[in-house]
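The structure under discussion appears below in the form of structure tokens.
The values are calculated or read from the model by the stated rules, or taken from the named source; none is laboratory data. Please read all numbers here as calculations on a predicted model, not as lab measurements. Backbone-built Cβ (ideal geometry, glycine too); neighbour counts: all protein chains shown. SASA here: full protein model, heavy atoms, side chains in, ligands and nucleic acids out. Shrake-Rupley method; radii C 1.70, N 1.55, O 1.52, S 1.80 Å.
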Amino acid sequence: MSDEVCFDPKNETLERGALRALQLERLQHVVAAACARSAVYKEMCREVGVAPADVRTLDDVRRLPFLEKTTLRDAYPDGLRLCGLDDIIEVHSTSGTTGKPTPIWVTRRDMDAWALRNARSLWMVGMRPRDLLQNCFGYGLPTSIGLQYGAQHAGIGVVPAGIGRQELLIDLIMDLGVTALCTTPSYGLYLADKAKERGIDLASDSQLRIGLFGAEPWPESGRDRLSAALGVDAFNEYGMGEFLGPGMACECPVKEGMHVWSDHLLAECIDPETCEPVADGEPGELVWTSLTSDSMAMIRYRSHDISSLSWAPCACGRTHPKIGRITGRSDDALSVGGLVVFPSQIEEVLLRFHEVANNFCMVIENVDNLDRLTLQVEVRGFAELTNEEREKLSKRVAAGVKATIGVTPRMQLSEPFSLPRMTSGQGKTACHRVDDRRTC
Ligand code: ZN
């Protein structure tokens, strides 16, 4: 395959057997390195009675222990680090939405692999030198700066715009002749709306032609909306903060799933209840292993993202397997404005306020293409409170929620027993605490 189609043709089209053999060789290497250099990981393997020598085939990955978010938290900050500080050139971090953030240690080799994976993705969706990519994901932590490194690795110019100050972002798109945009789908639509208010139709007035959208799941119906609003060919991409974010999986022009860069990452798809693998193409939870990181033992991390994994051949010619859209979470996490939010976090905050009664509801809506969280809370003695007291309580609760989840909710206080009751004994209580009214 020519490099017109692939940035890294040899590795993107490795024959399946060779790709699987490379995955096994790299898996054996990372497991051996993790057991040799991380006491935490070595102990985890000892507990389940497995040693590096037991990994003889790729199926043996199933004998290795899972990493959960709590595992990373317990190992905070460097229990899973596999190298000394003299090899570290960057440290990234997850958002820490559910407690301590997870620092992600990066060596030169990790950085080069990260840039390469992103370069492949950007090339795959059609970006080339002479394109100008505006990166409208947040800079800071967690970051999507990997897209910038990838673009630069491929010789594509980057405007490191970040988010916020939308007037400036729109000016840059228009005045610099920006041709490609990466951002969340909701922020992309928001920018298009803001431009319209100024009489600018980004679809027809700008030079935008490619859009790469990620960090929050979006349905297939969103593709037409994004194309119409921004005038772009819209592609989906997937990344997790624990694996440095973007550069894990991305759609090719066939647009039937996202190729996982499987010489660097081993994806499994399991039944979240039994933890057994599901059949090719069937829905399940994605589990991720970094095959090339020499700084972190990221082996069998449970994403709790529900998707599918298929090794069916793709018409684009790439041999790497594909994951489907993320259709949900195997836990009760929600994505609000691109941030992961758990109802249990809201509950924890509310418990600190003695005025607040037991029942609450999170109403999530899409207003002007941005997520809006409204927190309905029952308050003890609500009828006796003055408007001023209600206002004060609302502000204190909203500030507490903002400090914990990063989102400021609108507050609606009400009488005790005024919200719909939760029914006991019927599955997850959290389901009754969420009213998700978003359609896209
Ligand atoms: Zn393909």
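Of note:
- Of residues in region 111-134 being open to solvent by less than 10 Å² (accessible area, probe 1.4 Å) and part of a strand (DSSP E or B), the one farthest from the ligand (Cβ to nearest atom): 134
- Some residue of region 278-292 being in contact with a Lys or Arg (Cβ under 7 Å, 6 or more places away or on another chain) and surrounded by fewer than 20 Cβ atoms within 10 Å (Cβ to Cβ): yes
- Taking the criterion of being open to solvent by less than 40 Å² (accessible area, probe 1.4 Å) and under 17 Å from residue 78 (Cα atoms), the residues of region 32-47 that qualify are 33, 34, 35, 38, 41, 44.
- Residue 290 being in contact with a Ser or Thr (Cβ under 7 Å, 6 or more places away or on another chain) and in the same structural domain as residue 75 (by TED's automatic domain parsing): no
- Output for region 149-164, where each listed residue is in a loop (DSSP other than H, G, I, E, B), of a type in the set (A, V, I, L, M) and within 20 Å of the chain's Cα centre (by Cα): 161, 163
- Residue tally, condition touching a strand residue (DSSP E or B) at 6+ places or on another chain (Cβ under 9 Å) and at pLDDT 95 or above, over region 59-76: 6
- First in region 200-212 and closer than 12 Å to residue 228 by Cα, second anywhere and open to solvent by less than 10 Å² (accessible area, probe 1.4 Å) and not hydrophobic (A, V, I, L, M, F, W, C), Cβ under 8 Å, 6 or more apart: 211/183; 211/188
Conditions (1) buried (at least 19 other Cβ atoms within 10 Å of the Cβ); (2) under 18 Å from the mean Cα position of the chain (by Cα); (3) in a strand (DSSP E or B), marked per residue:
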| residue | (1), (2), (3) |
| --- | --- |
| 65 | no, no, no |
| 70 | no, yes, no |
| 77 | no, no, no |
| 86 | no, no, no |
| 89 | no, no, yes |
| 95 | no, yes, no |
| 101 | yes, yes, no |
| 106 | yes, no, yes |
| 109 | no, no, no |
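- Residue within region 375-397 that is in contact (Cβ under 8 Å) with a residue 40 or more places away in the chain, part of a strand (DSSP E or B) and either within 16 Å of the ligand (Cβ to nearest atom) or at negative phi (or both) present: yes
- Any hit, region 287-297, residues being within 16 Å of the ligand (Cβ to nearest atom), within 30 Å of residue 86 (Cβ to Cβ) and either in a strand (DSSP E or B) or out of contact with any Pro (no Cβ under 7 Å at 6 or more places or on another chain) (or both): no
- Within region 400-440, considering residues that are modelled with pLDDT of 80 or more, open to solvent by 60 Å² or more (accessible area, probe 1.4 Å) and in a helix (DSSP H, G or I), the one farthest from residue 382 (Cα to Cα): 403
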